[in-house]
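The block underneath contains the structure these notes are about, expressed in structure tokens.
Coordinate-derived values only; no laboratory data. What you are looking at is a predicted structure, and each value in this text was computed from that prediction instead of being measured. A quick note on method: Cβ atoms are made from the backbone with ideal geometry, for glycine too, and the neighbour counts reach across all protein chains shown.
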Amino acid sequence: MSLLGQRLVEGRPSRVQEKPGAGLVTELDLELERQLRPYLTELVPGSTVVGEEEGGATSEWTWWIDPLDGTTNFVHGWPRSAISLALYRGQEPHLGLVHDPYLKETFWSQKGEGSWCGEHRLRVSQCTELKNAMLATGFAPEPPSQWEICRKLQAAGHGLRVSGCAALDLAYVACGRLDAFWEVDLKPWDVAAGLLLVREAGGVVSDLQGGSAGLGSANYLAAGPGLQPQLLEFLAEL
């Protein structure tokens, strides 16, 4: 993973293209995904891969991969991108990994074994009051009401951040650097690893109605269990 990450750090965007309604894609997105595919299917014989760039079919054991989450950041030279991959059996996550090549941090989780960064076990924030919370979100084609909700949440807590990399935002919730993260219109490969990271670190990941979130939920709220109900009240209209 570190070698692939180094390609991201050293890479320079070329042939930047727009995907209709889905942001940007570069040659490096495609290259990284093509390198990961044979490695992962060899690691778990009989598994298949579904990737952001080239799709794929699900099977009993499926890898969900985003080879470069934060492509727009990468194109603009902002060091806030990650490689994200997760192994699922059906709809159940068994392994999740998010690698930040810039800070050389790898967040990983295994079902029933907790979430980790190196040898450090991760725990979600114990914050229970919104006034003390650092929050993060992301923007896609969303209802205008999101801007007003963001204004209210910015005023209610310690601040609101928009990083453009959902995989890292979820990892940061898992390790307590962020107290909560929410976003609408996310894809399975954006969250597949982060769902397990947050839950194995003691956190909650729900949809915006409060139900348990899965790969097909699209709308997500990740937080510590003491903060999640308060945020649902703010986000209900979304």
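Side notes on the structure shown:
- Peptides 173-181, 147-155, 160-168, 45-53 ordered by packing proxy, namely the average of other Cβ atoms within 10 Å per residue, highest first: 173-181, 160-168, 45-53, 147-155.
- Net length available on complete extension from Ala156 to Thr48 is 34.5 nm, with 0.36 nm assigned per residue and the Cα-Cα distance removed.
- Cα gyration tensor of region 130-235 - equivalent ellipsoid semi-axes, whole Å, descending: 18, 16, 13
- A straight chain from Gln110 to Thr128 at 0.36 nm per residue would run longer than the Cα-Cα distance by 3.8 nm.
- Peptides 188-201, 118-131, ordered by how many other C-beta atoms sit within 10 Å of their residues on average, highest first, read 188-201, 118-131.
- Radius, Kirkwood style, for region 53-179 when every pair of distinct Cα atoms is counted (Å): 16.2 Å
- For the chain, pairs of C-alpha atoms spaced more than 31 angstrom apart make up 18 percent of the total.
- Hydrophobic, long helices, defined as DSSP H runs whose alpha-carbon span along the helix axis is 30 Å or greater and whose mean Kyte-Doolittle value is at least -1.0, do not occur in the chain.
- Translational diffusion of region 2-121, µm² s⁻¹ [Kirkwood Rh, Cα pairs; Stokes-Einstein; 25 °C; 0.890 mPa s]: 164 µm²/s
- Between Gln91 and Glu233, the modelled label-to-label distance comes to 3.0 nm, taking each label 7 Å out from Cα in the direction of the beta carbon.
- Each 10 Å bin from 0 upward holds the following percent of the Cα-Cα pairs of region 173-238: 24, 60, 16.
- Model label points for Trp78 and Glu60, set 7 angstrom from Cα along the Cα-to-Cβ axis, are 4.4 nm apart.
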